[in-house]
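**Q** To start, I am sharing the structure in question, which I have written as structure tokens.
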Amino acid sequence: MTQMSNTYITGLRFNDSNRVVSGRLRFLALALFLLAIIVMPATGFAAGAAAGTPTAMTPPPSSSAAEQYLLTAANRARAARGLSPLHYDATLAQAAKYHALQMAEHRDISHQFQGEPDLMQRGAQAGVKFSLITENVADSPDSSILHDLWMRSPGHRENLLDPEVNSIGIAIVSRGGRYYAVEDFASTVESLSFDEQEQTVAMTLAQAGLRVGSSNITSTTDEARRTCGLDSGFAGSQNKPMYIVRYTADHLDQLPGVLTKRIESGKFHKAVVGACTDAGSGAFTDYNIAVLLYP
């Protein structure tokens, strides 16, 4: 927590770490302990969101002028550095509003009060598909200085200018002459069915020169999906692949390096793709894919 002229700010960041080949996704949590005049440990927190409407510069009419200013200021700062704008997300804003109300009720700032869900739980409960979620909070008698204070603090500035996030939810609650502000950021993941995930990966594999799909000399798609759910090995009883690549990703338009190298070796000409869920990933959401390679 940082104190600046009777204004208090703190920030938090949680993301997941990617896994390639075998093993399941696990998240990596990093809390940003920010340095300035007074330094104190921050506790864990956060919120989640889905990408989409309203557009980046258009918060709903119900948002306050102060909240709209923070959105405009955030995207202006990102544009000045060549970064894509953040899409204002109403679900994420609702999560931010709930936490801002909690801070106002406690007359204090924190990333989690007793009885509140933690970061991953809050995002999951909101129905959000995210691979990264971060937060800035602040308490000030003047809402117009919040953005500048966050930008002057390295950790908060990192959250605002993070190229990996694409969505933002903002809430400011006034109580007792003070403004309790929350900015929640997220990198959201599009919700796709297994069929859609497999088709997207299959298109990329086909562009790399592979013939993709089940045949009498390869596994079935169902076997590929069950293989995806294993930490190692093949779930079928026949037509065993020569090589299996399991990986997670928050975007499906790129293949992992280990898979690209196998394709470039020239040893493989056919592939079957299987998608699956990962019960061990917690609230974080990524696509879990297995690619079964055949000569």
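**Q** For K240, go through the lysines and keep the ones whose alpha-carbon is under 24 Å away, minus same-chain ones fewer than eight residues off.
**A** K261, K267, K270
**Q** A further question follows. Over the range 120-206, consider all pairs of different Cα atoms and compute the Kirkwood hydrodynamic radius from their mean reciprocal separation; express it in Å, one decimal.
**A** 15.3 Å
**Q** How long are the semi-axes of the equivalent ellipsoid of the range 131-267, taking √(5λ) for every eigenvalue λ of the Cα gyration tensor, in whole Å from largest down?
**A** 48, 15, 12
**Q** Let me ask something additional. Filter the trypsin sites (Lys or Arg not before Pro) in the range 62-165 down to the DSSP loop ones having no more than 14 other Cβ atoms within 10 Å, then list what survives.
**A** Qualifying residues, ordered by number: R81, R107, R152.
**Q** To make sure I understand the rule: partners must be lysines, Cα under 24 Å from the Cα of K129, and not fewer than 8 residues away in the same chain. Which ones qualify?
**A** K97
**Q** Among 65-73, 131-139, 212-220, what's the highest-first ranking by average C-beta atoms within 10 angstrom per residue?
**A** Packing order, densest peptide first, comes out as 131-139, 65-73, 212-220.
Every number in this text was worked out from the coordinates using simple rules, so none of it is lab data. Predicted model, so just to flag it, every value in this text is computed and none were measured. Cβ sites come from the backbone with ideal geometry, for glycine too, and all protein chains shown count toward neighbours.
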